[in-house]
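The values are calculated or read from the model by the stated rules, or taken from the named source; none is laboratory data. On a predicted model such as this, the values are computed, not experimentally measured, just so you know. All Cβ positions, glycine included, derive from the backbone under ideal geometry; neighbour counts span all protein chains shown.
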Amino acid sequence: MNRQQMLEVLETCGRVEALLMPPNKPYSFVQYGTIEEAKKAYRLLGGKKVILDDLSLNITLYVNFVEKVHLEDPLPLTLPPGLLVIEEFVSFEEEEKLLESIAWTVDTDKENTVVSLKHRRVKHYGYEFRYDNNNVDKEKPLPGGLPEICNSLLEKCLNQGFAKYKPDQLTINQYEPGQGIPPHVDTHSAFEDEIISLSLGAEIVMDFKHPDGRTVAVMLPRRSLLVMTGESRYLWTHGITPRKFDIIQATEKQKTGTVSCDTGDLTLNRRGTRTSFTFRKVRSIPCNCVYPSVCDSQQDQQKSIALSDPDREAL
Ligand code: AKG
C-alpha cells in the first residue's frame with residue numbers, strides 16, 4: 001500500500017498524528033490523536049481486507065499495539081562524490097521527439113543493434129556494447145554514428161561542462177515496470193570518465209553502492225540528466241532494482257537526488273516505462289584512475305608485468 005492508501009484506511013478511525021512506513025518492511029506504525037481512536041482502529045481494522053484496484057492485490061491488515069517505536073534519526077544522505085542530477089535538462093517537446101525517434105525494430109542493415117535482454121530492451125549506436133565481456137569492440141564502430149537528433153543535446157552538455165569529450169557511444173535502454181539493470185561499474189578500459197544518462201518517459205530510483213557497503217538511492221526525475229564522474233563513475237556501482245514500485249519521498253520538493261530514510265515521509269511510487277539515453281566516450285588509452293582495485297586497465301597491466309618478469313613466481 002502506498003502512504004495515501006494507508007492513510008485513507010487509517011483515517012476512518014480517527015485523526016492520524018504520525019505514520020511511519022519503514023522501507024521494505026511489511027509493517028508500519030501509526031499514532032492516533034487519542035487512545036479511543038487507537039482502540040477503535042484495533043477493533044475495526046484488525047483482520048480487515050483491503051482491496052486495492054490498481055494493485056489488484058487483496059491485503060489483510062493485522063493490528064497490534066506497541067509500547068514504543070524507536071527509530072534512529074535519518075542520516076543526512078548525500079550523493080556519491082562526482083554525481084549530479086540536473087532537473088529538466090530537456091523540455092517535454094524534446095523528450096517526445098527523442099522517444100519518437102527510436103526505431104525499436106531490428107535493423108536489417110546492421111547499423112545498430114537491438115537486443116531484448118531479460119530485464120529490458122536495449123539499442124546501441126556508435127559502438128555495440130557487448131554484454132559477454134562488458135566492453136566495446138573499438139576496431140568495429142557501427143556505421144551511422146550517433147543519431148543526429150542527439151546533437152543539440154550533446155552540444156548543451158559540452159557547453160554546460162557536463163561532458164569534457166563529445167560522446168561517441170550511445171546505449172538506449174527501455175525499462176517496463178518490474179524491469180531493471182544489475183548493479184555494475186562501467187568497464188574502466190572501455191569508456192572515459194564522464195557517463196551521462198538522460199531519463200525519459202518516467203522517473204526511477206537508481207541505487208548506488210560503495211564497495212564498503214554504503215548505499216544511496218537516487219531519484220532520477222523524468223527529463224533529468226544524470227552525470228557520473230570520478231568516484232561515482234569509477235568506484236560506486238549503479239543499478240536499477242527490478243520492481244514495480246519505488247520507495248520515494250512523499251514530500252514533493254524532495255523528489256530529486258537522494259531518497260532519505262525518513263520513514264515518516266516515504267511512500268510508494270508506481271513505475272512507468274522509462275527510457276534512458278546513456279552517452280559515453282570510448283577510451284583510446286588505458287585507464288589510469290585512482291581506484292586500481294576496481295580498474296581492469298590497471299589490473300591487466302599488473303598481470304602483464306607479472307607474466308613478463310622471469311624472476312616472479314608462476315601465477
Ligand atoms: C547501462 O546501460 O550500462 C546503464 O547503466 C543504463 C543506466 C540508465 O538506465 O540510466
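Take the conditions (1) touching a residue at least 60 places away in the same chain (Cβ under 8 Å); (2) closer than 25 Å to Pro177 by Cβ; Leu20 misses just one of them, which is (2). Against the list (1) closer than 19 Å to Arg223 by Cβ; (2) within 15 Å of the ligand (Cβ to nearest atom), the condition Ile149 fails is (2). Look through Asn173, Asn112, Asn133 and report the one residue that is at pLDDT 95 or above, at negative phi and among the polar types (S, T, N, Q). Exactly one residue qualifies, and that residue is Asn173.
Rundown of residues vs (1) surrounded by 15 or more Cβ atoms within 10 Å (Cβ to Cβ); (2) modelled with pLDDT under 85, yes/no style:
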site: Ala38; (1), (2): yes, no
site: Leu52; (1), (2): no, yes
site: Val63; (1), (2): yes, no
site: Val66; (1), (2): no, no
site: Glu72; (1), (2): no, yes
site: Gly82; (1), (2): yes, no
site: Glu87; (1), (2): no, no
site: Glu95; (1), (2): yes, no
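Tell me yes or no: at least one residue of the stretch 182-202 is polar (S, T, N, Q), under 13 Å from the mean Cα position of the chain (by Cα), more than 18 Å from Phe277 (Cβ to Cβ) and away from the ligand (no atom under 12 Å from the Cβ). There is no residue in the stretch 182-202 that is polar (S, T, N, Q), under 13 Å from the mean Cα position of the chain (by Cα), more than 18 Å from Phe277 (Cβ to Cβ) and away from the ligand (no atom under 12 Å from the Cβ). Tyr175 satisfies every condition listed in (1) farther than 30 Å from Gln301 by Cβ; (2) touching a helix residue (DSSP H, G or I) at 6+ places or on another chain (Cβ under 6 Å); (3) hydroxyl-bearing (Ser, Thr, Tyr) except (2).
Going through (1) in contact with a Pro (Cβ under 7 Å, 6 or more places away or on another chain); (2) modelled with pLDDT of 90 or more; (3) part of a loop (DSSP other than H, G, I, E, B) one by one, Ala202 falls short only on (1). Here Glu17 passes the criteria (1) in a loop (DSSP other than H, G, I, E, B); (2) over 30 Å from Ser152 (Cα atoms); (3) at pLDDT below 95 except the one numbered (1).
Applying the criterion of at least 2 residues that are at pLDDT 95 or above to the strands (runs of 3 or more DSSP E) found wholly in the stretch 218-315 leaves 225-228, 237-240, 274-280.
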